[in-house]
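Asker: Before anything else, here's the structure in question.
Each value in this text was obtained by applying a stated rule to the coordinates, not by laboratory testing. Just so it is clear, the structure is predicted and the values come from calculations on it, not from any experiment. When we count neighbours, we look across all protein chains shown, and the Cβ atoms used for this are built from the backbone with ideal geometry, even at glycine.
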Amino acid sequence: MIQVNVSKQLHGVNGEFQLDVSLEIAQGEFIALFGSSGVGKTTLLRCLAGLEQAEQGNIVVNGEVWLDSDARINLPPQQRHTGYMFQDYALFPNMTVRGNLEFALRKGADKKRVNELLELMDIGALQHRKPDTLSGGQKQRVALARALASEPSLLLLDEPFSALDAEIRARLHDEVLRLQRHFSITTILVSHDVSEVCKLANRVMVMEAGRIVQQGNPIDVFSAGQTSGKFRFTGEILAIEPMDIMFSLTVLVGNQIVRVVTMPDEAARLRLGERVMLVSKAFNPMVLKLGG
Amino acid sequence: MIIDWQPLILTFKLAAVTTAILLCIGVPFAWWLANTRIRLKPAVEALVSMPLVLPPSVLGFYLLLAFSPEYWFGAWLDREAGIRLAFSFEGLVVASVIFSFPFLVHPVQAAFQNLPRSLTDAARVLGKSSLQTFMHVLLPNIKPALMSGTVLGFAHTVGEFGVVLMIGGNLPNETRVASIAIYDEAEALNYAAANFYAGVLFFLSFIILLAVYMINRRAQK
């Protein structure tokens, strides 16, 4: 059980705002922090890891107090033992893949854990290579393995998939899910990708300007409970073209391009690049705007 | 011609001692400078860079005043520790460290600044202390800069003339380094000896720099 209650002054692009979050996470949950960039998702993650100081609040993880601003308790990152996966992976360039994992082991830990993780992540063949010689997807696996090598009580993933192409991303989603269940480790993922959140998380927290404005099951949150469709897809609008009295929408769903028809008043509310949900209801697909 | 090897030996002894001290204080200082957020940082940086623009004679003049037992710092040093820095090898070492400081600090500071911040963060999250992070993560990843800083500091000390002349004078076995010996022999119209010292310095400097560029080229591959 993790209880978090933090506030901190942030300097955003649009001026100052207050990060003010309180949340409770059960053991083994997979949480996604969702929101556009600059709303404080990464800062919240860094506060949890101890890399940034919350001005006020408390963090209690499995009964252990990590932060209590009233009692002036603030454990340094070294004593929190989180597994943190950075956006740029932050692999140590001077060490081999194996070296990176061994460096991450806790004092006195069994070196067998390194072998186990190399095998689990299917990176045994890369163990003597340096990070600079690896592809993006390979680096990502190594970074995940390294984060887990230190036997963390909490796994923090800071947009780790954003730099990868769709196919590798999908494969790594599966890996993360598999490992998360294998170690049944409580995980928090920062993401601004709806499909990723729906696939991985069992609870999503939507953040806006430093606050959690909505939370719940990802599908329910993103469709905002408006539909009872039989099946639905999320996608990105590639083109909006008039067609007689209707409008034709070209939407990218996964790797497929789908063309659907919509009404003019509906089309007027949509912009290129926006994310939408396609819902098949009875016989005509409906298009619903997603997120904020 | 009987060759006096002393000036050359003294030069390389001075450069070696200076470089060792530079590494011990310059590398931590460069790390501090790369990470500090104090307001005085521009002033500190300007001060460190002063030897790059000042004529060596200016620095030498003030160091001479500072080291002189006639004035308060020199007097204090003489009284408390019995050390006289003016016209001594120790004085040359102190002056050389100050004079070559920016040649080591600049490349090393730049390299520290270019390391992604996330490397330090990652090491901290993995439970490593600041010292462990510094030794195992930061230092190994700035090796080329460390290398060129060390060599530049060494080479610059070998090439020093003005400061040595001001505060060291020309005492055999104590402060008579090769660059001074060249000047001295040339003034005495002893061109063969001057040519010998000059030739050795020229050749060795070229070899040292060549080695640095070759190592750097290999590091880039």
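Asker: Can you pull out every residue in region A:31-75 that is within 14 Å of another protein chain (Cβ to nearest Cβ) and farther than 23 Å from A:Ile185 by Cβ?
Answerer: Those that are within 14 Å of another protein chain (Cβ to nearest Cβ) and farther than 23 Å from A:Ile185 by Cβ: A:Gln53, A:Asn74.
Asker: Restricting attention to region A:15-22, does a residue exist that is surrounded by 13 or more Cβ atoms within 10 Å (Cβ to Cβ), in contact with a strand residue (DSSP E or B) (Cβ under 9 Å, 6 or more places away or on another chain) and closer than 23 Å to B:Ser130 by Cα?
Answerer: No, every residue in region A:15-22 fails to be surrounded by 13 or more Cβ atoms within 10 Å (Cβ to Cβ), in contact with a strand residue (DSSP E or B) (Cβ under 9 Å, 6 or more places away or on another chain) and closer than 23 Å to B:Ser130 by Cα.
Asker: Something else now. Could you please find all residues in region A:76-107 being among the charged types (D, E, K, R), under 23 Å from A:Pro131 (Cβ atoms) and facing another protein chain (nearest Cβ under 9 Å)?
Answerer: To start, the set of residues in region A:76-107 that are among the charged types (D, E, K, R) comprises A:80, A:88, A:98, A:102, A:106-107.
Imposing the further condition that a residue be under 23 Å from A:Pro131 (Cβ atoms) reduces the set to A:88, A:98, A:102, A:106.
Across region A:76-107, the qualifying residues are A:Asp88, A:Arg106.
Asker: Another question, then. Can you name the residue in region A:170-199 that is within 12 Å of the chain's Cα centre (by Cα), part of a helix (DSSP H, G or I) and charged (D, E, K, R) and is also farthest from A:Arg46 (Cα to Cα) among such residues?
Answerer: A:Lys199
Asker: Take residues that are within 21 Å of the chain's Cα centre (by Cα) and in contact (Cβ under 8 Å) with a residue 40 or more places away in the chain and tell me which of the helices (runs of 4 or more DSSP H) falling wholly in region B:127-195 contain 1 or more. If you could, list the steps in order and put the result at the bottom.
Answerer: Details: elements: B:130-133, B:143-158, B:162-167, B:178-187.
Of the helices (runs of 4 or more DSSP H) lying wholly inside region B:127-195, those with at least 1 residues that are within 21 Å of the chain's Cα centre (by Cα) and in contact (Cβ under 8 Å) with a residue 40 or more places away in the chain span B:143-158, B:162-167, B:178-187.
Asker: So, one more: Quick check on B:Leu33: is it within 16 Å of B:Ser96 (Cα to Cα) and either in a helix (DSSP H, G or I) or under 16 Å from the mean Cα position of the chain (by Cα) (or both)? Before the answer, list the steps.
Answerer: Details: within 16 Å of B:Ser96 (Cα to Cα): no; either in a helix (DSSP H, G or I) or under 16 Å from the mean Cα position of the chain (by Cα) (or both): yes.
Spelling it out, it is not the case that B:Leu33 is within 16 Å of B:Ser96 (Cα to Cα) and either in a helix (DSSP H, G or I) or under 16 Å from the mean Cα position of the chain (by Cα) (or both).
Asker: Got a number for residues in region B:21-68 being among the aromatic types (Phe, Trp, Tyr), without any contact (Cβ under 8 Å) to a residue 40 or more places away in the chain and more than 25 Å from B:Leu85 (Cβ to Cβ)?
Answerer: Looking only at region B:21-68, we keep the residues that are among the aromatic types (Phe, Trp, Tyr), and these are B:29, B:31-32, B:61-62, B:67.
This time we only want the ones that are without any contact (Cβ under 8 Å) to a residue 40 or more places away in the chain, so: B:32, B:62.
In the following step, the residues that additionally are more than 25 Å from B:Leu85 (Cβ to Cβ) were identified as B:32.
The number of residues fulfilling the criteria is 1.
Asker: Ok, one more. For region A:251-269, what are the residues that are hydrophobic (A, V, I, L, M, F, W, C) and either exposed (fewer than 12 other Cβ atoms within 10 Å of the Cβ) or outside any strand (DSSP E or B) (or both)? Reasoning before the result, please.
Answerer: First, pick out the residues of region A:251-269 that are hydrophobic (A, V, I, L, M, F, W, C): A:251-253, A:257-258, A:260-261, A:263, A:267-268.
Scanning region A:251-269 gives A:Met263, A:Ala267, A:Ala268.
Asker: Residues being touching a residue at least 60 places away in the same chain (Cβ under 8 Å) and either in contact with a strand residue (DSSP E or B) (Cβ under 8 Å, 6 or more places away or on another chain) or over 16 Å from B:Leu59 (Cα atoms) (or both): count how many of those fall in region B:69-105. First the steps, then the outcome.
Answerer: As a first pass, look at region B:69-105 and keep what is touching a residue at least 60 places away in the same chain (Cβ under 8 Å): B:85-89, B:91-93, B:95-97, B:99-101, B:104-105.
Within this subset, residues satisfying the condition of being either in contact with a strand residue (DSSP E or B) (Cβ under 8 Å, 6 or more places away or on another chain) or over 16 Å from B:Leu59 (Cα atoms) (or both) are B:88-89, B:104-105.
Here the count works out to 4.
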